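Since every read-out is calculated from the coordinates, none of them should be taken as a lab result. Source: prediction; values computed, not measured. Cβ placement follows ideal geometry from the backbone for every residue including glycine, while neighbour counts extend to all protein chains displayed.
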Amino acid sequence: MKGISDLKHQKLLAIALEIQRDVEHVIDSEVLYKLRGEFTNLNELYSQYRELLQQLEGLVRDYESKERAIRSKILSRSLRKLAKNGQTGADLRMVITSLNSCAH
C-alpha cells in the first residue's frame with residue numbers, strides 16, 4: 001500500500017480551488033456545489049489519514065522501544081560476555097545470535 005503524498009494532496013486542493021474560481025460563472029451551481037462537497041470529503045479523508053499515520057508512527061516507536069528493552073534485558077552484559085568467551089552451549093549462542101539479528 002502506498003501512502004498519500006502530502007505534496008500531491010496540496011496540489012490537488014489548489015487546482016480544485018482554482019477550477020472552482022475559474023468556472024464559477026459558467027458552470028451550473030448544483031454541479032459546483034457537488035464538486036465542492038467532493039473536495040471537502042477528500043480533504044476530510046486526508047485529515048483522517050494523517051491522524052492515523054501519526055498514531056501508527058507512535059505505535060511503531062513504542063514497539064521499537066519495548067523491543068529494545070526486552071532485548072537488552074534478555075541479553076544482559078554477563079550473558080553476552082559468557083557467549084563471547086564461548087562459555088555457553090551452542091544452542092544458547094544461536095539464541096543470542098538470533099536476538100542480536102532482530103536489532104537490525
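In order along the stretch 66-73, the Karplus-derived 3J(HN,Hα) couplings, from 6.51 cos²θ - 1.76 cosθ + 1.60 at θ = phi - 60°, round to 5, 5, 5, 5, 5, 4, 5, 6 Hz, and Gly and Pro are given as x. Spin-label pair N85-I27: with each label point 7 Å from Cα along the Cα-Cβ axis, the two points sit 7.7 nm from one another. Does the stretch 26-77 come out rounded, prolate or oblate, given a ≥ b ≥ c as the square roots of the eigenvalues of its C-alpha gyration tensor, rounded meaning a/c under 1.5 and, failing that, prolate meaning a/b above b/c? Prolate, because a/c is 1.5 or more and a/b exceeds b/c.
Counting Lys and Arg as +1 and Asp and Glu as -1 over every other residue whose Cβ lies under 15 Å from the Cβ of E51, the net charge comes to -2.
Shown in residue order for the stretch 27-38 are the 3J(HN,Hα) couplings computed by the Karplus curve 6.51 cos²θ - 1.76 cosθ + 1.60 at θ = phi - 60°: 9, 4, 4, 5, 5, 4, 4, 5, 4, 4, x, 5 Hz (x for Gly and Pro).
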